[in-house]
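Input: a single structure, listed below in structure tokens.
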Amino acid sequence: MRLRPNRCLWGAPPAYQGKGRPQIHGQKFKLSDPDTWSQPTEQLTIDDPQLGEVILRRWSNLHFRQSPSHGMEVIRVEVKGKYPHRRALQPMWLCWLGQTIPPVSTIWGDYRRRFTVDHWNRFAKQRLHWLKPRFSTPEREQRWSDLMPIITWQLWLARTLVQDQPRPWQKSLSAEEITPGRVAQSMGGVLAVIASPASFPKVRGKSPGWLTGSKRNKRTVYPLVKKGITRRKKTRKKRRTS
């Protein structure tokens, strides 16, 4: 995750001297003050084809003040190059929480892909209705979540098959510019050609109803979880009368 550039962290506490309470925090590590930085555990320089020279520095065993027992790795990303027609990028601070940290050179590239991952999550929630169904078991929820990448790949494969059908207020897009949302909007023509894999509906008749002797299982009701902070109501003080 990314850290605020003026955040304060703390190093590992020194060894216990045998007197008084053992220290919880070590040396202060302020991200905006280079004088408080210790010697980095690892330093690496990468020649990025788009950004130019990128300097990566890693510090180990730092923690937040609120969680001294959870150490983490902190990475500082400093870009020496510039984007075309843009100002120089400010240094960025990242942290890694986990058992085994991957190579520092890959962490920088993985974080740059986070932009596309966030957009896909928004697309799955809004356009593919990821969070709308309410299933009764975690297994069904997981099965529905597994369908989201499959549906996305289907839209990507159908981008050359569909013909853009914009709404009256939308601009027409070419085959190279069409987006996954516009592909989903134009999938009606493809579905009409391949038809539905479902069988034809049966003739309506009298329903046999529930089988005699079969057991009915009630749906599991889970407790309601309320989010928020309950605050005490202010009580007015009674005025004293003489």
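For segment 16-43, filtered to residues that are within 17 Å of residue 95 (Cβ to Cβ) and hydrophobic (A, V, I, L, M, F, W, C), the residue that is surrounded by the fewest Cβ atoms within 10 Å (Cβ to Cβ) is 37.
Between 65, 58, 76, the distinction of being at pLDDT 85 or above and under 22 Å from the mean Cα position of the chain (by Cα) belongs to 76 only. Selection of segment 116-134 for residues being farther than 30 Å from residue 220 by Cβ, more than 12 Å from the chain's Cα centre (by Cα) and either open to solvent by less than 60 Å² (accessible area, probe 1.4 Å) or without any contact (Cβ under 8 Å) to a residue 40 or more places away in the chain (or both) yields only 123.
Within segment 164-198, the set of residues being of a type in the set (S, T, N, Q) and surrounded by 10 or more Cβ atoms within 10 Å (Cβ to Cβ) comprises 165, 170, 172, 179, 185, 186.
Quick one: which residue in 228, 213 is loosely packed, with under 10 Cβ neighbours inside 10 Å, within 30 Å of residue 137 (Cβ to Cβ), small (Gly, Ala, Ser) and over 35 Å from the mean Cα position of the chain (by Cα)? Explain how you work it out, then say what you get.
Details: 228 fails: over 35 Å from the mean Cα position of the chain (by Cα).
When all the criteria are applied, what remains is 213.
Of the strands (runs of 3 or more DSSP E) entirely within segment 3-60, those holding at least 3 residues that are not charged (D, E, K, R) occupy 8-10, 42-48.
Residue count for segment 120-144, restricted to those that are modelled with pLDDT of 90 or more and either touching a helix residue (DSSP H, G or I) at 6+ places or on another chain (Cβ under 9 Å) or closer than 30 Å to residue 92 by Cβ (or both): 13.
Does residue 161 satisfy the criteria of being within 26 Å of residue 188 (Cα to Cα), touching a residue at least 12 places away in the same chain (Cβ under 8 Å) and open to solvent by 70 Å² or more (accessible area, probe 1.4 Å)? Answer is yes for this residue. Given the structure, is residue 91 in contact (Cβ under 8 Å) with a residue 40 or more places away in the chain and touching a strand residue (DSSP E or B) at 6+ places or on another chain (Cβ under 8 Å)? Yes; evaluated as a whole, the condition is true for this residue.
What do you reckon, is residue 67 in a helix (DSSP H, G or I) and either at negative phi or charged (D, E, K, R) (or both)? So residue 67 does not fit the description; no.
For segment 53-73, filtered to residues that are more than 14 Å from residue 28 (Cα to Cα) and either in contact with a Cys (Cβ under 6 Å, 6 or more places away or on another chain) or without any contact (Cβ under 8 Å) to a residue 12 or more places away in the chain (or both), the residue that is surrounded by the fewest Cβ atoms within 10 Å (Cβ to Cβ) is 69.
The values are calculated or read from the model by the stated rules, or taken from the named source; none is laboratory data. A quick note: this is a predicted structure, and the numbers were derived from the prediction, not measured. Using ideal geometry, Cβ is built from the backbone for each residue, glycine included, and neighbour counts are taken over all protein chains shown. Note: accessible area is taken over every heavy atom of the protein model, side chains too, but ligands, DNA and RNA are not part of it. Shrake-Rupley method; radii C 1.70, N 1.55, O 1.52, S 1.80 Å.
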